[in-house]
Amino acid sequence: MKKISIAFLLVFLVVITVFGYFMVFAPVMKIKAKGQVVASAAKEMKSVFSKNDIDLLNSKTKDFSQKYADFEKEAKSIYWATFIPYVADFKNGVEAGRYTIRAGEDAITAITPYADLIGFKKGQSSFIEKSTEGRLQTAILTLDKVLGKIDSISENVRQAGDKIDQIDPKRYPEKIGKTAVRSQITNLKEQFTGMASLFVDAKPLLKNIPSIFGAKKEKTYLLLFQNDKERRATGGFLTAFAVFKIKDGKITIERSDDIYALDATINDRPAVPKEILTYHKGVSTFWIRDSNLSPDLVKSIELFNSLYKKSGARVNYDGIIFLDSKILVDMLTIFGDTQANGINFSSSIDKNCNCPQVLWKLFNIVGEEVGYQKENRKGILGSLMYELFYKAIGFSPSKYWGTLVQTMYKNLEEKHILLYFNDQQIQQSIEKLNFGGRIGQYKGDYLHINNVNFAGAKSNLFVTESIVSKATDNGGVIQKELTVEYKNPEPASNCNRHQERILCLNAILRNWVRVYVPVGSKLVEFKGSTKTVKTYDEFGKTVFEGFLEVPTEGMAKIIITYTLPSTIQSKDYSLYIQKQPGVISQKLRIDLNGKSIFNGEQTKDLEIKK
């Protein structure tokens, strides 16, 4: 009996070994080999994209798809074991990859006939032979064809996202040796989910791009320039405006002027908001140039319209585009020096302000209200934007368009461009993409710091800000200590109003500050405000409001202590920080229970998890 048992055990071990080799080890080795081939092909694909050659991209995509198909075929050899969670995750990952490839193939098929319109090289191109205006018209009128596969692309992206969503990083070890495993899987999953969500959210906007550019009927847009060096709630002081129309890609500027000219067309004004009377130095009239009072762009537009509807220069617009100075600097960096109204503008640094020359020139031309007519003042910003725009479409697309699109997308992310449309479907897509300057909603901890420069010259050109947020769990209740430090290292300008030809850039910063935190938070202490601190609820948030002055060649800070509502716990703590539009960057440190969970620069909205 004992001999039979030993014999059976030996046979069993042999069977298991053979099974393990042929059903697990051998397939895994083959999968690994095919995976290395796919990884190598993926690196090659990355370099192909940078060459902007549509024929080469087509060829390499087909090659990559075939290699991935070989990898899929080997991968299926272990799908019988999907009752094991790790194998199920592997299967979901492989299938997500195939859906992603299909989306890419559909996209390339859609753009190939029109590749030269969007910056790809494609054999003999008739597009670059067209006039500047003809190029834009051709691009706009064929956009609907380029976007013909948007629904199938979106569906494949969604399917890939669903597969990735089923992968649970928590079942993996935090580390294998010195290699971080769980965090890498989490980051990859979040990045893919974020991109998939972004594309799905962008679909309504993408499908409406031809309409936005006047393919179906003429559109009218209002362009508002915000001087972020004089910070206001939505990014900067409203310095200038332009009205332009677009039909089939043909742009016509109806009017371009400084903001004071628009204010001069308004006689019947609403009551002055209490915020202006409380914080704005020497101002007792509600000017349209001061109407962007709310950190929520839609609310500020309501205030703007309360004055604009009374203007003799009012036009019915389809949307508003808000731009700040970074857009001008970035475009001049890409396209080089540009002339408008006989004046040369450049992105090079001007020693008069240690800032880009274009800003120094504009400060001198449209920087502030004066009692005399400045040469070439009227319409200069509209003329400069017009010249830059036509410079963009005047070049061969493959030379500049890729860089331009990437730069503008980055500026949308960082809120140097804000968009508003009357069409609610488009507007909803804009807001989902976070391009609409809205105060967002979030289940965890939340922070938005909004600074408004009321009569502090252009001192935001020199002032830097650093933020430290410390959260400490005190028996289940999280107490926050928020420190915001403002530094101005530069000397004061001569701001004597009687010497009107002296440009006033740097002065004491008179800063109205509002701190938005989760609704239900309780203020413990607010240090550093020189005016009475106010607490109230707005946009689904609790707000702590104060005021401080930052001297030239000096610093000031506020320290706010408050408790979070009990629904926010440290065990699953996360923080969403919305950056104020117009801010280039701020130093940011986030501590949780004495441990730093973020320490770096904030250039866009951030979600931080422990």
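The values are calculated or read from the model by the stated rules, or taken from the named source; none is laboratory data. All of these numbers come straight from a predicted model, not from anything done at the bench. All Cβ positions, even for glycine, are placed from backbone atoms using ideal geometry, and neighbour counts span all protein chains on display.
Before we move on, is Ile608 assigned to a strand (DSSP E or B) and surrounded by fewer than 20 Cβ atoms within 10 Å (Cβ to Cβ)? Answer is yes for this residue. Pairs are defined by a Cβ separation below 6 Å, a sequence spacing of at least 6 or placement on different chains, a first member in segment 437-465 that is under 22 Å from Arg289 (Cβ atoms), and a second member that is outside any loop (DSSP other than H, G, I, E, B) and of a type in the set (D, E, K, R); the pairs so defined are Asn450/Arg514; Phe454/Arg510; Ala455/Arg510; Gly456/Arg510. Only strands (runs of 3 or more DSSP E) whose full extent lies in segment 413-487 are considered here, and the ones with at least 3 residues that are of a type in the set (D, E, K, R) are 464-474.
Can you tell me which residue within segment 319-351, out of those that are in contact with a helix residue (DSSP H, G or I) (Cβ under 8 Å, 6 or more places away or on another chain), touching a residue at least 40 places away in the same chain (Cβ under 8 Å) and of a type in the set (D, E, K, R), is farthest from Phe304 (Cα to Cα)? That would be Asp330.
Inspection of segment 103-113 finds no residue satisfying the criterion of being touching a helix residue (DSSP H, G or I) at 6+ places or on another chain (Cβ under 6 Å) and without any contact (Cβ under 8 Å) to a residue 40 or more places away in the chain. Filter segment 524-534 down to the residues that are surrounded by fewer than 16 Cβ atoms within 10 Å (Cβ to Cβ) and not acidic (Asp, Glu), then identify the one that is nearest to Gly444 (Cα to Cα). So the residue we want is Val524.
Which one of Leu384, Leu447, Leu412 is touching a strand residue (DSSP E or B) at 6+ places or on another chain (Cβ under 6 Å) and either at positive phi or at pLDDT 95 or above (or both)? Steps first, answer last, please.
Numbers: Leu384 fails: either at positive phi or at pLDDT 95 or above (or both); Leu412 fails: touching a strand residue (DSSP E or B) at 6+ places or on another chain (Cβ under 6 Å).
Of the residues listed, the single one that is touching a strand residue (DSSP E or B) at 6+ places or on another chain (Cβ under 6 Å) and either at positive phi or at pLDDT 95 or above (or both) is Leu447.
Please determine whether any residue of segment 177-187 is part of a loop (DSSP other than H, G, I, E, B) and either exposed (fewer than 14 other Cβ atoms within 10 Å of the Cβ) or on the phi > 0 side of the Ramachandran plot (or both). Yes, segment 177-187 has at least one match. Evaluation of Lys587 against the conditions (1) over 17 Å from Leu482 (Cα atoms); (2) touching a residue at least 60 places away in the same chain (Cβ under 8 Å); (3) surrounded by fewer than 19 Cβ atoms within 10 Å (Cβ to Cβ); (4) under 26 Å from the mean Cα position of the chain (by Cα) shows that the sole unmet condition is (1).
Of the residues that sit in segment 341-361 and are surrounded by fewer than 20 Cβ atoms within 10 Å (Cβ to Cβ) and among the aliphatic types (A, V, I, L, M), which one is farthest from the chain's Cα centre (by Cα)? Among residues in segment 341-361 that are surrounded by fewer than 20 Cβ atoms within 10 Å (Cβ to Cβ) and among the aliphatic types (A, V, I, L, M), the one farthest from the chain's Cα centre (by Cα) is Ile343.
Note on segment 500-523: residues that are buried (at least 19 other Cβ atoms within 10 Å of the Cβ), among the basic types (Lys, Arg) and more than 9 Å from Gly546 (Cα to Cα) amount to 1. Residues satisfying the criterion are absent from segment 190-198 (criterion: at pLDDT 80 or above, touching a helix residue (DSSP H, G or I) at 6+ places or on another chain (Cβ under 7 Å), in a helix (DSSP H, G or I) and surrounded by fewer than 17 Cβ atoms within 10 Å (Cβ to Cβ)). Of Ile449, Ile417, all but one fail to be in the same structural domain as Tyr486 (by TED's automatic domain parsing), over 23 Å from Ala196 (Cβ atoms) and not polar (S, T, N, Q); the exception is Ile449. Residues in segment 297-332 that are more than 19 Å from the chain's Cα centre (by Cα) and of a type in the set (Lys, Arg) were compared, and the one that is farthest from Tyr409 (Cα to Cα) is Lys310.
Scanning segment 229-255 for residues that are more than 24 Å from Ala215 (Cα to Cα) and polar (S, T, N, Q) yields a total of 2.
The residues in segment 234-257 that are part of a strand (DSSP E or B) and either among the small types (Gly, Ala, Ser) or surrounded by fewer than 22 Cβ atoms within 10 Å (Cβ to Cβ) (or both) can be counted, and the count is 15.
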